[in-house]
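A short write-up of the structure that comes next.
Each reported figure results from applying straightforward, stated rules to the coordinates on display, with no laboratory input. Keep in mind it's a predicted model, so treat the numbers as computed, not measured. Note that each Cβ is placed from the backbone with ideal geometry, even for glycine, and that neighbours are counted across all protein chains shown.
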Amino acid sequence: MEKLDDILARLDMTRIPRHVAMIMDGNGRWAKSRSKVRSDGHYEGITSVHNVTALSSDLGMDYLTLYAFSTENWNRPQDEVDTLMTIIGWAIARELDELLRNNVRINLLGDIDRVPDGPRQELFDARDRTAHCTGLQLNICISYSSRWEITEAARRLAREAKDGIIDPESIDETLFSSHLATAGMPDPDLLIRTGGEQRISNYLLWQIAYSELYFTPTLWPDFGKEEYALALIDFQQRERRFGKTSEQVAGSI
């Protein structure tokens, strides 16, 4: 693979996506292929989190959203769930000082009340201590699923309509979006999934309606800055039409 500096030299710095979302898949398979326990893969994956966050910040990106733990992941064996929760708490505490130095703000998306007390407090502490930061916003999706998010938004809208706060006829895409966990953020320009699977797995289903999708067979612990930069180059080579024709897009430039 090319050296990182050579890849970055090919990036158009005027076309860096504002918002990248990632499905970090392949930790368990990475560990299994090395005759290690699954937790070793999860720990190794923290290095990739560090690297993609650092590069996103260095490139001046506004938002990076990581799928750390889905609602469905609660159905995994309890010992693996416990390990994942421990790793999440440990990792956020370990990275906090560097996040502060790099002006990165932590934001949490998901049903955080389900997270055990210890890691939940580490997450809240990181969010609160980085609240003043004005650089990259790192969205960590924990106990998150898109169907959960959309259902919660529908419930809030229904309550507001019942209480007379809103007219049901006023509900449109903009109002609905304002009730999602990502309210106020631009939709992801690019969704990256590692690990070789080519599915969305109940992730940001509303928000990725027009996102570019990038699937790579690389397992998450092996996904470094170089491949991330190559994914960004691939993104920059695509034509984003948003339902228009190529001729219309060309005429709008």
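Side notes on the structure shown:
- Helices that extend 27 Å or more along their long axis by alpha-carbon positions and average at least -1.0 on the Kyte-Doolittle scale are, among the DSSP H runs of the chain, 38-58, 78-101.
- With K and R counted +1 and D and E -1, the other residues having a Cβ less than 12 Å from that of Leu175 yield a net charge of -4.
- Taking amide H atoms as placed 1.01 Å from N in the peptide plane, the amide H of Gly196 lies under 5 Å from those of Thr216, Thr218, each 5 or more residues away in sequence or on another chain.
- From most to least packed by mean Cβ count within 10 Å, the peptides 169-177, 14-22, 111-119, 130-138 give 14-22, 130-138, 111-119, 169-177.
- Between Glu239 and Asp117, full extension at 0.36 nm per residue minus the direct alpha carbon distance yields a gain of 39.4 nm.
- Among Gly184, Gly243, Gly89: highest mean-square fluctuation, GNM of the chain, C-alpha pairs under 10 Å: Gly243
- Simple label model, 7 Å out from Cα along Cβ direction - Arg156 to Asp125, nm: 2.8 nm
- Options (i) 18.9, 59; (ii) 19.3, 65; (iii) 24.5, 72 - which one matches Rg and Dmax of the Cα atoms in Å as calculated here: (i)
- Projecting the Cα atoms of Ser56, Ile16, Ala31 onto the charge dipole of the stretch 11-77 (Cβ charges, centred on the Cα centre) puts Ala31 farthest toward the positive pole.
- Estimated vicinal HN-Hα couplings, Hz - the stretch 163-179 in sequence order (Karplus 6.51, -1.76, 1.60; Gly, Pro = x): 7, x, 6, 10, 8, x, 6, 8, 6, 10, 4, 5, 5, 4, 4, 5, 9
- Cross-link partners for Lys225 among the lysines, with Cα-Cα distance under 28 Å and sequence neighbours closer than 8 places in the same chain left out: Lys3, Lys32, Lys36.
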